[in-house]
Amino acid sequence: MTDIDRKYGIKEWKLTDSMESEEEILEYLEECAKENDGGTLLLHAIGKIAREKGMSQLAKTTGMSREHLYTALSDNGNPSFKSLLSIINSLGYSIRFVRKQPSSQTTAHI
């Protein structure tokens, strides 16, 4: 269990145990992306998914070494945006931008 797991109360899991479909994995990623923590939880989730699906295959499809992938997707990792996009794409996902909903806080106009 990592520090990130402890911080967010994440229990050890395997995709095959807890997420039976790609839709559930996608929902998990979307929920992690909503966390306002600078991407820490999302990167952690991508790393878990990558390790579960197989770093060797991911290394082949991204052109990155397994060592680089493990480092980039570690809890202390800081992959470049280009690397992260390559990893996400190789895992079979993409990033979609949507407009954020306005904040519920209103500004008083005098």
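The values are calculated or read from the model by the stated rules, or taken from the named source; none is laboratory data. Here the structure is a predicted model, which means the values were calculated and not measured. Quick reminder, even Gly has a Cβ in these numbers, built from the backbone with ideal geometry, and neighbours come from all protein chains shown.
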ask   = Taking segment 55-92 as the region of interest, how many residues are within 22 Å of LEU41 (Cβ to Cβ) and either without any contact (Cβ under 8 Å) to a residue 12 or more places away in the chain or in a helix (DSSP H, G or I) (or both)?
value = 21
inquiry  = For segment 49-73: of the residues being exposed (fewer than 14 other Cβ atoms within 10 Å of the Cβ) and of a type in the set (Gly, Ala, Ser), which is nearest to SER21 (Cα to Cα)?
reply    = GLY54
ask   = Is one or more of the residues making up segment 78-99 surrounded by 13 or more Cβ atoms within 10 Å (Cβ to Cβ), within 18 Å of ASP3 (Cα to Cα) and at pLDDT below 95?
value = no
note = Of (1) closer than 17 Å to GLU27 by Cα; (2) in contact (Cβ under 8 Å) with a residue 60 or more places away in the chain, ILE49 fails just (2)
